[in-house]
Amino acid sequence: MEMHYNIMNKKGANFWDYLIWIGLASILGWAFLKSIGVINTAVWVEMIPYYGVGSVGMGIVYKIGKIMKGIETTNEKVDRVLEIEKRFDKVEQTHQLCIEGK
């Protein structure tokens, strides 16, 4: 059985996913080209890894924020379910008392 797993299409990639991957690719590409001597010491070329780190950082911060928002939303939903459960228990207890005639 062969499994194909594509990170970019797991849930539909968005701008921030691409930003992270482009940043990582630019850092790795720059490091490789610099190590084999293709890239010389032009100032703007020396700045490429900083741009890469910046874009990766922005993408990661955005994704972490999105995950935190999802956790908060889940917590709110759990709190609502617990509140419904409390009300249901109260109704069930009142119903039981009515059946017993108390």
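A short reminder: the numbers here are calculations on the coordinates, not readings from a lab. This structure is a prediction, so every number in the text was calculated from the model and none was measured.
Here are some notes:
- Computed lengthening from residue 90 to residue 74, 0.36 nm per intervening residue step minus Cα-Cα distance: 3.3 nm
- Note, ³J(HN,Hα) from phi for the range 60-65, Karplus 6.51, -1.76, 1.60, rounded to Hz, x at Gly and Pro: 5, 4, 4, 5, 5, x
- Stretched out straight at 0.36 nm per residue, the stretch from residue 34 to residue 58 would grow longer than its current Cα-Cα span by 6.2 nm.
- Measuring spread by the Cα atoms of the range 11-100 yields a radius of gyration and Dmax of 26.4, 89 Å.
- Amide H to amide H distances under 5 Å link residue 39 with 34, where only residues 5 or more positions off or on other chains count and H is placed in the peptide plane.
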